[in-house]
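Participant: Before we start, here is the structure in question, set down as structure tokens.
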Amino acid sequence: MKAKKKPITSETKSPSKPPRAGRPRSAESHDAILAAALKLLHERGYRSVTIEGIASEAAVGKQTIYRWWRSKAEVILEAFARYTAGRIAVPDSGNLQTDLQVFLTQAFDGLTQESGEVVRGLMSEALIDPDFAEAMRDIFIASRRSALRDILFKGIQRGELASDVDIELIIDLIYGPMWYRLLNKHAPLNPRFAKQISEMIASKLTRSD
């Protein structure tokens, strides 16, 4: 009579094949998709990127992409937001006008060199898709407003701005011209424009007492 084989358990498995270390497959696929979207953005531009192209570059099926995102715009939004997150610098020179000028000059430089087409594409999607518009505000716009808010709060702490100033209105007044020029392209986003906005805000709002 043959001896019964022992069932394979964690104790009887061969030690020569340890369990695979690292992140779960889903996390690897997720990151691969975002990396692929970003790569294609740089190579082809926003309009030419497709879900099929992203899937091919990431070596995943389209259904894997649609498991996490509803559209190309959502994939690109997350990839682009992750890419730019560490690039939002909040200057602190001790002077409100200088900080605003440095901050805006950096923002304009990015929009002029590489980000402008992407942001315009995402904003066009936001105009026709309320759900995507909400996601863009939460994922992309909020971080930019937060950085500018920090600069203005420091101005209040230094006594350059009144403590009861309407911070959110000032943010709108600063970003409004930027978005208008970005979308309308009637005039450049350049250091001169950054200086003009900074001087206008500082001259009208900075306390003289």
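The values are calculated or read from the model by the stated rules, or taken from the named source; none is laboratory data. All figures in this text were calculated on a predicted structure; none of them were measured in a lab. Every residue, glycine as well, gets a Cβ built from its backbone with ideal geometry; the counts of neighbours run over all protein chains shown. For accessibility, only protein heavy atoms count, side chains too; no ligands or nucleic acids. Shrake-Rupley method; radii C 1.70, N 1.55, O 1.52, S 1.80 Å.
Participant: Sorting D138, D31 by accessible area (1.4 Å probe), largest first, what list results?
Facilitator: D138, D31
Participant: Would you compute, from DSSP H runs of 4+ residues alone, the mean residue ellipticity of the chain at 222 nm, taking -39500 (n - 2.57) per run and dividing by the full residue count, rounded to the nearest 500?
Facilitator: So the calculated ellipticity at 222 nm is -20500 deg cm²/dmol.
Participant: For the range 97-178, take N as its residue count and report Rg(C-alpha) divided by 2.2 N^0.38 Å.
Facilitator: On the way: Rg = 14.3 Å, N = 82, 2.2 N^0.38 = 11.7 Å.
Ratio of Cα Rg to 2.2 N^0.38 Å: 1.22.
Participant: Tell me the relative contact order for the range 71-209 as a rounded percent, counting alpha carbon contacts under 8 Å between residues six or more apart.
Facilitator: Computed value for the range 71-209: 35 percent relative contact order.
Participant: How big is the charge dipole of the chain about its Cα centre, in debye rounded to the nearest 20, if each Lys and Arg gets +1 on its Cβ and each Asp and Glu gets -1 on its Cβ?
Facilitator: 1640 debye
Participant: Right, next: For every other residue with a beta carbon closer than 14 angstrom to the beta carbon of I151, add +1 if it is Lys or Arg and -1 if Asp or Glu, then tell me the sum.
Facilitator: 0
Participant: So what is the accessible area of the chain per residue, in Å², with the probe set to 1.4 Å?
Facilitator: Per residue, the chain has 61 Å² of solvent-accessible surface.
Participant: When percent of Cα pairs over 22 Å apart is calculated directly from the model, which label among (i) 60; (ii) 67; (iii) 56 fits?
Facilitator: (i)
Participant: In whole percent, how big is the carbon plus sulfur part of the accessible area of the range 51-209, probe 1.4 Å, protein atoms only?
Facilitator: Roughly 51 percent, rounded to a whole number.
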